[in-house]
């Protein structure tokens with residue numbers, strides 16, 4: 001199974017790919033580490049973002065997209081633009097999209113600790129949350 005972990009920050013989406021086959025994990029190379037919505041007030045830019053994300057998932061034959069769920073209120077609440085991006089991804093009909101809550105993530109990581117330190121993955125530091133989200137989706 002090929003999973004794309006997604007973390008949404010402000011007007012950008014950070015992605016990490018993870019493949020689980022026969023109990024072995026692989027981290028495939030990806031031409032894109034983040035996608036940005038350049039104009040938050042433009043319907044066309046949102047459609048362009050949605051098309052680019054769908055094309056990326058299609059090109060890499062991603063079977064599941066796991067988005068780190070953000071709180072709707074409180075100190076760490078996600079912003080309106082982030083929820084726009086989340087909706088744009090969820091509305092791509094070809095994708096199987098799951099939201100991964102912090103509670104679910106903690107439980108899965110407790111039951112199935114990561115087999116490797118993040119620093120050994122070769123990914124950039126800003127991709128850690130999206131990678132963890134992909135791992136949780138594979139193990140859940």
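The values are calculated or read from the model by the stated rules, or taken from the named source; none is laboratory data. Everything quoted here is computed from the prediction, not taken from an experiment. Counting neighbours? That spans all protein chains shown, and the Cβs are built from the backbone with ideal geometry, glycine included.
For this structure, a couple of remarks:
- Of all residues assigned to the stretch 27-34, none qualifies as being farther than 25 Å from residue 113 by Cβ and buried (at least 18 other Cβ atoms within 10 Å of the Cβ).
- Only one entry in 131, 51, 126, 83 is in a helix (DSSP H, G or I), touching a strand residue (DSSP E or B) at 6+ places or on another chain (Cβ under 8 Å) and surrounded by fewer than 15 Cβ atoms within 10 Å (Cβ to Cβ), namely 126.
- Residue, surrounded by the fewest Cβ atoms within 10 Å (Cβ to Cβ), within the stretch 1-23, restricted to residues that are assigned to a strand (DSSP E or B) and out of contact with any helix residue (DSSP H, G or I) (no Cβ under 9 Å at 6 or more places or on another chain): 21
- The one condition in (1) assigned to a strand (DSSP E or B); (2) more than 24 Å from residue 138 (Cβ to Cβ) that residue 75 fails to fulfil: (1)
- Residue in the stretch 29-40 that is under 17 Å from residue 137 (Cβ atoms) and touching a helix residue (DSSP H, G or I) at 6+ places or on another chain (Cβ under 6 Å) present: no
- The set of residues in the stretch 90-116 that are at pLDDT below 95, in contact with a strand residue (DSSP E or B) (Cβ under 9 Å, 6 or more places away or on another chain) and in a loop (DSSP other than H, G, I, E, B) comprises 115, 116.
- Residues of the stretch 86-103 classified as more than 15 Å from the chain's Cα centre (by Cα) and surrounded by 15 or more Cβ atoms within 10 Å (Cβ to Cβ), total: 0
- In the stretch 38-47, the condition of being surrounded by 11 or more Cβ atoms within 10 Å (Cβ to Cβ), over 15 Å from residue 13 (Cα atoms) and in contact (Cβ under 8 Å) with a residue 40 or more places away in the chain is met by no residue.
- In the set (1) surrounded by 11 or more Cβ atoms within 10 Å (Cβ to Cβ); (2) without any contact (Cβ under 8 Å) to a residue 40 or more places away in the chain; (3) out of contact with any strand residue (DSSP E or B) (no Cβ under 8 Å at 6 or more places or on another chain); (4) not in a loop (DSSP other than H, G, I, E, B), residue 119 fails one condition alone, (1).
- The set of residues in the stretch 1-25 being under 22 Å from residue 117 (Cβ atoms) and at pLDDT below 95 consists of 20, 21, 23, 24, 25.
- Taken over the stretch 54-68, residues that are exposed (fewer than 15 other Cβ atoms within 10 Å of the Cβ) and in contact (Cβ under 8 Å) with a residue 40 or more places away in the chain amount to 2.
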